[in-house]
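Novice: One structure coming up, written as structure tokens, with questions to follow.
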Amino acid sequence: MAATGTVSITEKDGKVTLNATFKNLQPNASYSLFENHFDTKPITFTPMDGTGKTNSFTARADGTASVTLTLPSMLTHDNAVLVIYNSGGQPHGTERGQIGIDAHHQIIARPE
């Protein structure tokens, strides 16, 4: 579980786009991107795409992945990008899954 990656979020003409690349993922494994909301009590999580329909991806056989998503809004410092490994082999849609059972936090990063 030594996943690393880079994420950039840009806004152009009112459209917010996330571009991410990852390496050292589990080969051919299922992953999902969630937005971590540090500004809520308790902390909440929503799919990065806002719907849970396009926020999941499968790592390549070499453990790499590239992802491009349209986001519903720009993230702030109160939010973070969260990569979840779906150890059960399937994404969980709008939910993260059962943390520690079939879903595991891999990477979390706040925008600057």
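The values are calculated or read from the model by the stated rules, or taken from the named source; none is laboratory data. Note that the structure is predicted; figures quoted are calculated from it, not measured. For neighbour counting, all protein chains shown are included, and Cβ atoms are generated from backbone atoms with ideal geometry for every residue, glycine included.
Novice: So, restricting to strands (runs of 3 or more DSSP E) that lie completely within the stretch 6-112, which ones have at least 1 residues that are among the aliphatic types (A, V, I, L, M)?
Specialist: Of the strands (runs of 3 or more DSSP E) lying wholly inside the stretch 6-112, those with at least 1 residues that are among the aliphatic types (A, V, I, L, M) span 15-23, 30-37, 65-71, 79-86, 104-109.
Novice: Just to be sure I understand the filter: pairs with C-beta atoms under 7 Å, separated by 6 or more residues or on different chains, first member in the stretch 92-112 and closer than 19 Å to residue 20 by Cα, second member in a loop (DSSP other than H, G, I, E, B). Which pairs pass?
Specialist: What qualifies is 104/87; 106/1; 106/3; 107/3; 110/77; 111/75; 111/77.
Novice: May I ask you to list the residues in the stretch 66-92 that are small (Gly, Ala, Ser) and either in contact with a Cys (Cβ under 8 Å, 6 or more places away or on another chain) or surrounded by 12 or more Cβ atoms within 10 Å (Cβ to Cβ) (or both)?
Specialist: Result: 80, 87, 88.
Novice: Does residue 13 meet the test of being more than 22 Å from residue 95 (Cα to Cα), loosely packed, with under 15 Cβ neighbours inside 10 Å and out of contact with any helix residue (DSSP H, G or I) (no Cβ under 9 Å at 6 or more places or on another chain)?
Specialist: When the stated conditions are applied, residue 13 passes them.
Novice: Hey, among 70, 76, 40, 64, which residue is modelled with pLDDT of 95 or more, β-branched (Val, Ile, Thr) and farther than 14 Å from residue 4 by Cα?
Specialist: From the options 70, 76, 40, 64, the qualifying one is 70.
Novice: Is the stretch 34-47 home to any residue that is within 15 Å of the chain's Cα centre (by Cα) and free of Cβ contacts under 8 Å to residues at least 24 places away in the same chain?
Specialist: Checked against the condition, which is being within 15 Å of the chain's Cα centre (by Cα) and free of Cβ contacts under 8 Å to residues at least 24 places away in the same chain, the stretch 34-47 yields at least one hit.
Novice: For residue 112, work out the one condition from (1) under 11 Å from the mean Cα position of the chain (by Cα); (2) modelled with pLDDT under 95 it doesn't fulfil.
Specialist: Here residue 112 meets the rest and fails (1).
Novice: Okay, moving on. State which residue is surrounded by the most Cβ atoms within 10 Å (Cβ to Cβ) when the search covers only the stretch 16-57 and only residues that are touching a Pro at 6+ places or on another chain (Cβ under 7 Å) and among the small types (Gly, Ala, Ser).
Specialist: The qualifying residue surrounded by the most Cβ atoms within 10 Å (Cβ to Cβ) is 32.
Novice: Tally the residues that are of a type outside the set (S, T, N, Q) and more than 17 Å from residue 108 (Cβ to Cβ), restricting the search to the stretch 1-56.
Specialist: Selection size over the stretch 1-56: 13.
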